[in-house]
Amino acid sequence: MSCCAGTGRSDIALGATPAIPAIPAIQAIQAPASRPVGRAEASDGHRHVVDLPGGAFLMGGDDPDANPMDGEGPPRRVEVSPFGIEAHAVTNDAFGEFVAATGYRTESEDFGWSFVFARFLSREARATARRVPDAPWWCAVAGATWFAPEGPGSGVAGRGDHPVVHVSWRDAEAYAAWRGGRLPTEAEWEYAARGGLEQARYPWGDELTPGGEHRCNIWQGRFPVRNTGEDGHLGTAPVETFAPNGFGLFQMSGNVWEMCADGWTATRWAGADDRPVLDPVGPAGGSERVMRGGSYLCHASYCNRYRVAARTKNAPDSAAGNQGFRIAFDPAPRPEAALRP
């Protein structure tokens with residue numbers, strides 16, 4: 001479990017009080033019968049796909065701030081094939097189109113709860129919420145879903161261009177398949193996030209706030225008790241906030257964690273020789289999946305995982321208020337509707 005990432009559902013003791021609605025056995029996600037074949041058109045006109053040529057780059061890092069358990073390093077020459085990737089994370093509006101077209105239910109809806117940052121809840125709700133022992137800022141909130149991010153009574157009105165949250169890895173895969181895409185591999189994600197900058201700390205360079213300018217949505221202040229919001233945001237931000245990187249991709253650092261296709265391993269290069277690794281993919285199985293990019297809850301005092309090389313993990317059925325995704329596409333064909341006018 002990562003302190004700044006969403007936590008696993010198994011980290012909550014379901015026998016404790018206060019009561020959360022009983023969690024049914026989750027059913028295997030089936031492709032809805034109404035799911036279109038191929039890439040679905042999207043109505044939010046600012047979404048577009050960026051075609052990347054692929055190539056070789058140094059993946060990972062040897063940053064002194066890295067957690068040795070995360071397996072960031074050592075840096076390794078990796079080569080990725082050409083692919084397309086959306087310029088920003090999937091939005092509430094876009095996910096809503098998917099749900100309207102297919103009737104899809106997320107795992108948070110089926111489980112009946114999801115993880116919400118405690119400071120987003122009322123004092124009364126915080127007092128009775130079930131918490132994660134090792135990360136008490138996470139509350140298991142009954143009724144928290146993608147369309148009610150803080151639980152019953154909340155909503156996404158006015159947040160249509162914010163990243164969808166409270167979606168699991170399996171939910172992300174289902175949406176990506178409906179769009180005719182897929183989740184990016186971890187190697188593709190890092191290649192895209194670097195924006196052509198070899199071994200830079202962040203998508204824009206090595207300074208977090210060059211010239212005093214905030215470039216990403218992370219925590220300022222003292223975590224977890226006070227966020228000063230110096231970057232303009234206390235929770236999620238619209239997906240095209242801040243300047244894009246050199247590839248035209250928005251918020252590859254901060255805002256929400258982004259799920260990748262790969263299963264988790266902290267020993268990515270075990271047994272490999274010195275030759276560049278072509279299109280590496282983590283293990284297909286296992287109980288955890290890779291997440292990259294950090295979120296609005298990341299802070300240098302305890303996490304510092306908003307660096308490009310940083311990585312963490314979560315269970316494929318878990319979801320939280322700072323966990324989202326963007327989708328990738330194989331090179332061709334791509335629909336005209338996905339391109340910026």
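Just want to confirm a number: the relative contact order over segment 262-312, from Cα pairs under 8 angstrom separated by 6+ residues, in percent. Intermediate values should be presented prior to the final figure.
Values: 48 pairs, mean separation 17.9, N = 51.
In percent, rounded to a whole number, it is 35.
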| Ala127/Thr265 FRET efficiency (R0 35 Å; Cβ-Cβ; nearest 0.05) | 0.30
| request: Quote to one decimal, in nm, the extra length available between Ser81 and Arg226 on full extension: 0.36 nm per residue of separation minus the C-alpha distance between them. | output: 47.9 nm
| remark: In this structure, the FRET efficiency calculated for Asp330 and Glu198 from their beta-carbon separation, with R0 = 25 Å, to the nearest 0.05, is 0.45
| message | Quick one: 3J(HN,Hα) in Hz for segment 142-148, Karplus 6.51/-1.76/1.60 with θ = phi - 60°, rounded, Gly and Pro as x. | response | 5, x, 6, 9, 4, 9, 9
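Semi-axes, largest first, in whole Å: what does sqrt of 5 times each Cα gyration tensor eigenvalue give for segment 93-182?
26, 14, 11
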| Compactness of segment 170-251 as Cα Rg over 2.2 N^0.38 Å, two decimals | 1.30
| field | Where labels lie 7 Å past Cα in the beta-carbon direction, separation of Leu58 and Ala157 in nm | value | 5.2 nm
| task | Could you pull out every residue, at least 5 positions away or on a different chain, whose amide H is within less than 5 Å of the one on Thr312? Hs are placed 1.01 Å off N in the peptide plane, and Pro or chain starts have none. | result | Met291
| remark: By Cβ neighbour count within 10 Å, fewest first, Tyr104, Tyr191, Tyr302 rank Tyr302, Tyr104, Tyr191
| field | Environment charge at Trp146 (Cβ cut-off 11 Å; Lys +1, Arg +1, Asp -1, Glu -1) | value | -1
| Taking 0.36 nm per residue of separation and subtracting the Cα-Cα distance, what length does fully extending Tyr302 through Thr209 add? | 31.6 nm
| remark: Checked segment 195-332 against the a/c 1.5 cut and the a/b vs b/c comparison, axes a ≥ b ≥ c from its Cα gyration tensor; verdict prolate
| Highest-first arrangement of 150-161, 244-255, where packing means the average Cβ count within 10 Å | 244-255, 150-161
| note | With a ≥ b ≥ c from the Cα gyration tensor eigenvalues, square-rooted, and the rule rounded for a/c under 1.5, otherwise prolate when a/b > b/c and oblate otherwise, segment 77-142 is oblate
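Coordinate-derived values only; no laboratory data. Treat the numbers as computed from the prediction; the structure is a model and nothing was measured. FYI the Cβ positions are ideal-geometry reconstructions off the backbone, even for glycines, and counts take in every protein chain you see.
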